[in-house]
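A.B. asks: There's a structure below that I have some questions on.
The values are calculated or read from the model by the stated rules, or taken from the named source; none is laboratory data. This is a predicted model, so every value here is computed, not measured. Quick reminder, even Gly has a Cβ in these numbers, built from the backbone with ideal geometry, and neighbours come from all protein chains shown. The protein model used for the area step is the full one, side chains on, heavy atoms only, and it has no ligands, DNA or RNA in it. Shrake-Rupley method; radii C 1.70, N 1.55, O 1.52, S 1.80 Å.
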Amino acid sequence: MKTPEEIFNYLTNQFGEEDLSFESRDIGQPWITVLASKIREVSKFLRDDSELLFDTLMCLSGIHYPKEEELGVAYHLHSTKLTHNIALKVRVPESKPNVPSVESIWKTANWHEREAWDMVGVVFDDHPNHKRILLPDDWEGHPLRKDYVQQEFYQGMPTGE
Amino acid sequence: MGMLDKKYHDSNIIIVSLEKALNWARKNSLWYEQFGLACCAIEMMATAASRYDFDRFGIIPRSSPRQADVMIVAGTVTMKMASRIKRLYEQMSEPRYVISMGSCSNCGGPYWEHGYHVLKGVDKVIPVDVYVPGCPPRPEALLEGFLKLQEIITGESVIKKKDEELEAVKAEIIDSNKNED
């Protein structure tokens, strides 16, 4: 079992300090920010390394940062064998919101990534079934974006009053 | 009472107008389309179960819209579901009725302002005969809704409707003649 700091130091030994950074606040769990292009590599290492063994992706969430005009993805990982946890975060610009899919590493990511695409609009490269999961396929926009404007009609039906 | 009384006393005959007999039969065999969308469906199931027992009114669930007389829209109507509801309604054979159950299907309920995904009232898509308020309505309320629907059916008339349509057509013809003059 490792603390988040120990996990971060272990990762920097493997990947160097350029692509990773450790952040924590007074409240809540600390996290490691990962460069988007490195996320799949780091994820695979986290899952397979004998001292980390993160076999479970507990949650994957899409986030919108309207001030920075960025989108984010948060990964919450858990190891059932070593019972330690870590959170990863990835940030990408709104104009090019591409994040490599981790579906090939944790199957849980399949639906979670579809939800992040549906609600926030993060594009997951190499996802095997990259389409909306909750809203209908012909819906316009991503409703959990802070600047979301609802369409007035959907298939001729009013969405408002 | 008189002669009629005696005449039919032993042979179990009731004299009633055809219309009333038809309406009586229809209102006591309301088969509803099972249509659970959200938490209201739980109350609908409770109403159909042994404690409240829909069946004593001749109200029984059907799984096909083609066999159903009345559709209970029980729950939140999302935009995605609305087109399906419309199709199911169109598949029902006439005469058909709709009971809108609960705040969500009446007007959008708790989603009326910020629910981008919810239709603000099922009556924007299909005509509704009875609205049952509540969130969700208790089984008694749904039963009350069915009693109201029975009232509506009791007051219906095949002949009157035909007459009204005929009058409307006549009025139209007269109007068009006037315009030509």
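A.B. asks: With the full set of protein chains in place, find how many percent of the accessible area of region A:4-158 is carbon and sulfur; take the probe as 1.4 Å.
C.D. replies: It is 50 percent, rounded to a whole number.
A.B. asks: Suppose R0 equals 22 Å; then what is the FRET efficiency for residue A:9 and residue A:53 from their Cβ-Cβ distance, rounded to the nearest 0.05? Could the numbers behind the result be given before it?
C.D. replies: On the way: r = 17 Å, r/R0 = 0.77.
So the FRET efficiency works out to roughly 0.85.
A.B. asks: Ok, one more. Roughly how crowded by other chains is peptide A:150-161, in terms of the mean Cβ count from those chains within 10 Å of each of its Cβ atoms?
C.D. replies: On the way: counts 4, 2, 0, 1, 7, 5, 3, 9, 6, 9, 5, 7.
The mean count of partner-chain Cβ atoms within 10 Å per residue comes to 5.
A.B. asks: Ok, one more. Could you give the semi-axes, largest first, of the ellipsoid that matches region B:12-81, computed as the square roots of 5 times the alpha carbon gyration tensor eigenvalues and rounded to whole Å? Please report the intermediate quantities before stating the final value.
C.D. replies: Numbers: eigenvalues 174, 45, 14 Å².
Semi-axes, largest first: 30, 15, 8 Å.
A.B. asks: Next question. Would you mind checking the tilt of helix A:109-119 against the longest principal axis of the Cα atoms of chain A, expressed as 0 to 90 degrees and rounded to 10?
C.D. replies: Once rounded, one gets 40 degrees.
A.B. asks: For residue A:154, which sequence-distant residues (separation of 5 or more, or a different chain) have an amide H within less than 5 Å of its own amide H, given hydrogens modelled in the peptide plane?
C.D. replies: When sequence neighbours closer than 5 places are left aside, the close amide H contacts are A:159.
A.B. asks: As a test of the formula, what do you get for chain B when each DSSP H run with n ≥ 4 contributes -39,500 (n - 2.57) and the sum is divided by the residue count, at 222 nm and rounded to the nearest 500 deg cm²/dmol?
C.D. replies: -14000 deg cm²/dmol
A.B. asks: Another question about this same structure. Taking a cut-off of 28 Å between Cα atoms, list the lysines near residue A:38, but don't count ones fewer than 8 places away on the same chain.
C.D. replies: Cross-link targets: A:2, A:67, A:81, A:89, A:96, A:107, A:131, A:146.
A.B. asks: I'd like the orientation of helix A:39-48 relative to chain A: the angle between its Cα long axis and the longest Cα principal axis, in ° from 0 to 90, rounded to 10.
C.D. replies: With both axes taken from Cα atoms, the answer is about 50 degrees.
A.B. asks: Considering only DSSP states other than H, G, I, E and B, which GluC sites (Glu not before Pro) in region B:103-147 qualify as loop sites with at most 10 other Cβ atoms within 10 Å?
C.D. replies: Qualifying residues, ordered by number: B:113.
A.B. asks: Multiplying the sequence separation of residue A:18 and residue A:161 by 0.36 nm and subtracting their Cα-Cα distance, what value in nm do you get?
C.D. replies: 46.3 nm
A.B. asks: If you don't mind, there's one more thing I want to ask. With a 10 Å cut-off between alpha carbons and a GNM built on chain B, which of B:21, B:68, B:82 moves the most?
C.D. replies: B:21
A.B. asks: Which one, B:89, B:32, B:111, has the greatest fluctuation when you compute a Gaussian network model over chain B with C-alpha springs under 10 angstrom?
C.D. replies: Answer for the Gaussian network model of chain B: B:111.
A.B. asks: In Å², rounded to the nearest 100, what is the total accessible surface buried by chains B and A against each other with a 1.4 Å probe?
C.D. replies: Numbers: alone 11840 and 9090 Å², together 19810 Å².
So the buried area, both faces added, is about 1100 Å².
A.B. asks: Straight-line reach from residue B:27: which lysines have Cα under 16 Å away, leaving out those fewer than 8 places along the same chain?
C.D. replies: Hits, sequence-local ones excluded: B:148.
A.B. asks: Placing +1 at every Lys and Arg Cβ and -1 at every Asp and Glu Cβ, with all other atoms neutral, what dipole size does the protein assembly as shown have around its Cα centre, in debye to the nearest 20?
C.D. replies: Computed charge dipole of the protein assembly as shown: roughly 1100 debye.
A.B. asks: Here is a further query. Which one, A:145, A:47, A:25, has the greatest fluctuation when you compute a Gaussian network model over chain A with C-alpha springs under 10 angstrom?
C.D. replies: Top of the fluctuation ranking is A:25.
A.B. asks: What is the extension gain from residue B:138 to residue B:51, computed as 0.36 nm multiplied by their sequence separation minus the C-alpha to C-alpha distance, in nm to one decimal?
C.D. replies: Details: separation 87, 0.36 × 87 = 31.32 nm, distance 1.25 nm.
Extending this stretch completely gives an extra 30.1 nm.
A.B. asks: May I pose another question? Describe numerically, in nm with one decimal, the distance between label points set 7 Å from Cα along Cα→Cβ at residue A:125 and at residue A:63.
C.D. replies: Going from the residue A:125 label point to the residue A:63 one covers 2.2 nm.
A.B. asks: Could you name the lysines whose alpha carbon sits less than 22 Å from that of residue B:178, not counting residues in the same chain fewer than 8 places away?
C.D. replies: Once the sequence-local lysines are set aside, what remains near residue B:178 is B:170.
A.B. asks: Could you let me know the centre-to-centre spacing of region A:90-113 and region B:118-181, using Cα atoms, in angstrom?
C.D. replies: 52 Å
A.B. asks: Compute the acute angle (0 to 90°) between the alpha-carbon long axis of helix A:4-15 and the principal axis of greatest extent of the alpha-carbon atoms of chain A; round to the nearest 10°.
C.D. replies: Value to nearest ten degrees: 90.
A.B. asks: Now a separate question. Counting only protein heavy atoms, probe 1.4 Å: which residues of region B:82-118 lose 40 Å² or more of accessible surface in the full assembly compared with their chain by itself?
C.D. replies: Residues losing area: B:116.
A.B. asks: Rolling a 1.4 Å sphere over the protein heavy atoms, what is the accessible area per residue of the protein assembly as shown, to the nearest Å²?
C.D. replies: Values: 19810 Å² over 342 residues.
About 58 Å² of surface per residue is accessible.
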